[in-house]
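The values are calculated or read from the model by the stated rules, or taken from the named source; none is laboratory data. Quick caveat: nothing in here was measured; it's all calculated off a predicted structure. Every residue, glycine among them, receives a Cβ derived from its backbone with ideal geometry; neighbour counts consider all protein chains shown. Note: areas computed on protein heavy atoms with side chains; ligands, DNA, RNA excluded. Shrake-Rupley method; radii C 1.70, N 1.55, O 1.52, S 1.80 Å.
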Amino acid sequence: MTKIVNHWIGGKTAEGASGTYGPVTDPATGEVTTKVAFATVEEVDAAVAAAKDAFVTWGQSSLAQRTSILFRFRALLDEHRDEIAALITAEHGKVHSDALGEVARGLEIVDLACGISVQLKGELSTQVATNVDVAAIRQPLGVVAGITPFNFPAMVPMWMFPLAIACGNTFVLKPSEKDPSAALKLAELLAEAGLPDGVFNVVHGDKVAVDRLLEHPDVKAVSFVGSTPIARYIHTTASAHGKRVQALGGAKNHMLVLPDADLDAAADAAVSAAYGSAGERCMAISAVVAVGSIGDELVQKIRERAEKIKIGPGTDPTSEMGPLITKVHRDKVASYVAGAADEGAEVVLDGTGYTVEGHEGGHWIGISLLDKVPTSAKAYQDEIFGPVLSVLRVDTYEDGVALINASPYGNGTAIFTRDGGAARRFQLEIEAGMVGVNVPIPVPVGYHSFGGWKDSLFGDHHIYGNDGTHFYTRGKVVTTRWPDPSDAPAGVDLGFPRNH
């Protein structure tokens, strides 16, 4: 029997009323295992109305009340992490260890939210004039929305809602329709932790649901993670409707390898960063830039390691890489490899014909490695979002930096070198929001913010960390004058000695 995933509105499951459902497949078999309800405008409105009603009390709740619920939620997350990881594997396809890692990174932001009291401390200046004090405080916005991608169905929502609700907002989540079950499980755990009805809601769907959230007058802010074209659309549309927006887009992350680098360490890093989670992550390294004469040796070391990666179902504990999310996506990724040679690249490894015995219907693709890729090739220009690594050759450090900075994307980048001076120059000269020095995937820990530059971010705020707290609150400055009791009008006795 096919599983049905419904909405979560006002603290309970809400069956889909539209009659429209989207298919959810097991990427390892290609079989449709689940149907997810697609929300109508009216159902989105019901979720926003539930959040708006809940904000009346939640927005005035104490910090102690909010954080105590989040502490209970964190304990439940820890207790159910294997179950959540299994849902991710079943619908996304990533191996269980990757899915567990995703839950762990989401937990970091829950930890941050549990300590939100420190982040929300205000400022006070006393006696700025005679008997005048000035205080700066931060207050919640109201109803906020999150629109999240398929590649991290638990982690990315947890980059958003724990901070949002800790700050006193209520939340409407529209997760990816390709792997919706993890979001629903998070909603159930929040309810079990004691979160009041309506503070957290989940609506599933397509563009109808997204557009309604972007235009709804009661939604005050929108957080988004996804591709650059959609991020640009989210930012433009929501901003036009007067909303605060943080929209994180796509990436083409480069790894610059200098001649003095430890090539074994660089090759290990390139393989894990390019092919981990089947390359379906916005912080994947998809372009290695080899400086000087090291290119041939580096490519050979990458090839040797890549050929040993075991590809199979995520439920198999020996698998190191799983399938891609859908057949359509698999075919698109394969097209970049198929066309690479005609665009001037050398195809070192071609994984497009890969299948897994007994799972021939799955969305399989093997490891692909392209060398001497020109910057004009589509495999270099586009965000592939799959296990395809391009190697480019440059003569000097300066050429490498110029190549990377010419990219329209600026999400993350890395340099591999033993030279501290070169690394210091790189971190200052490179045009990207996150930089790794001998670290291939520089995703910040929870108390630092995540976000790119250029076409990788639309809006002023990065996600989580201090930027997350600022995004989900607005500042207010209060100037106060209280006359000294000794200056009370004649005839008013405050029991205080008079000065005159």
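List the number of the failed condition for Lys178; all other conditions in (1) in a loop (DSSP other than H, G, I, E, B); (2) closer than 25 Å to Gly19 by Cβ; (3) of a type outside the set (A, V, I, L, M, F, W, C); (4) open to solvent by less than 20 Å² (accessible area, probe 1.4 Å) hold. Failing condition for Lys178: (4).
Go through segment 395-423 and give me each residue that's closer than 30 Å to Gly106 by Cα and open to solvent by 30 Å² or more (accessible area, probe 1.4 Å). Steps first, answer last, please.
Step one: filter segment 395-423 for residues closer than 30 Å to Gly106 by Cα, giving 404, 407-416, 423.
Correct list: Pro408, Tyr409.
The residues of segment 84-93 that are assigned to a helix (DSSP H, G or I) and within 19 Å of the chain's Cα centre (by Cα), listed by number, are Ile84, Ala85, Leu87, Ile88, Thr89, Glu91, His92. Selection of segment 168-186 for residues being over 17 Å from Phe55 (Cα atoms) and either more than 16 Å from the chain's Cα centre (by Cα) or not hydroxyl-bearing (Ser, Thr, Tyr) (or both) yields Lys174, Pro175, Glu177, Lys178, Asp179, Pro180, Ser181, Ala182, Ala183, Leu184, Lys185, Leu186.
The numbered conditions (1) of a type in the set (A, V, I, L, M, F, W, C); (2) open to solvent by 10 Å² or more (accessible area, probe 1.4 Å); (3) under 18 Å from Gly410 (Cβ atoms); (4) part of a loop (DSSP other than H, G, I, E, B) are all true for Ala251 except (2).
Of the numbered criteria (1) in a loop (DSSP other than H, G, I, E, B); (2) touching a Leu at 6+ places or on another chain (Cβ under 8 Å), the one Arg281 fails is (2).
Annotation: of all residues in segment 318-329 being in contact (Cβ under 8 Å) with a residue 12 or more places away in the chain and assigned to a loop (DSSP other than H, G, I, E, B), the one that is most open to solvent (accessible area, probe 1.4 Å) is Glu320.
Rundown of residues vs (1) part of a helix (DSSP H, G or I); (2) free of Cβ contacts under 8 Å to residues at least 40 places away in the same chain; (3) charged (D, E, K, R); (4) out of contact with any Gly (no Cβ under 7 Å at 6 or more places or on another chain), yes/no style:
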site	(1), (2), (3), (4)
Ile4	no, yes, no, yes
Gly22	no, no, no, yes
Pro27	no, no, no, no
Asp45	yes, no, yes, yes
Ala50	yes, no, no, no
Thr57	yes, no, no, yes
Gln65	yes, yes, no, yes
Ile69	yes, no, no, no
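Among the residues making up segment 296-317, those that are out of contact with any Leu (no Cβ under 9 Å at 6 or more places or on another chain), buried (at least 20 other Cβ atoms within 10 Å of the Cβ) and not in a strand (DSSP E or B) are Gly312, Pro313, Gly314. What do you reckon, is Tyr409 among the hydroxyl-bearing types (Ser, Thr, Tyr) and within 25 Å of Thr237 (Cα to Cα)? So Tyr409 fits the description; yes.
Note on segment 94-172: enclosed strands (runs of 3 or more DSSP E) holding 1 or more residues that are of a type in the set (Ser, Thr, Tyr) and open to solvent by 30 Å² or more (accessible area, probe 1.4 Å) are 123-129. Would you mind stating whether Ala379 is of a type in the set (A, V, I, L, M, F, W, C), surrounded by 18 or more Cβ atoms within 10 Å (Cβ to Cβ), modelled with pLDDT of 95 or more and not in a loop (DSSP other than H, G, I, E, B)? Yes; evaluated as a whole, the condition is true for this residue.
Within the option set Thr13, Thr25, being within 25 Å of Lys178 (Cβ to Cβ), within 26 Å of the chain's Cα centre (by Cα) and open to solvent by 40 Å² or more (accessible area, probe 1.4 Å) holds for one residue only, Thr13. Residues that are buried (at least 18 other Cβ atoms within 10 Å of the Cβ) and more than 16 Å from Ser286 (Cβ to Cβ) within segment 330-349 comprise just one, Arg330. Restricting attention to segment 363-372, the residues that are buried (at least 22 other Cβ atoms within 10 Å of the Cβ) and in contact with an Asp or Glu (Cβ under 8 Å, 6 or more places away or on another chain) total 4.
Restricting attention to segment 428-485, and to residues there that are among the charged types (D, E, K, R) and in a helix (DSSP H, G or I), which single residue is surrounded by the fewest Cβ atoms within 10 Å (Cβ to Cβ)? Steps first, please.
In the first step, residues of segment 428-485 are kept if they are among the charged types (D, E, K, R); the result is 429, 431, 454-455, 460, 467, 474, 476, 481, 484.
Those left that are additionally in a helix (DSSP H, G or I): 429, 467.
On the way: Glu429: 13, Asp467: 18.
My answer is Glu429.
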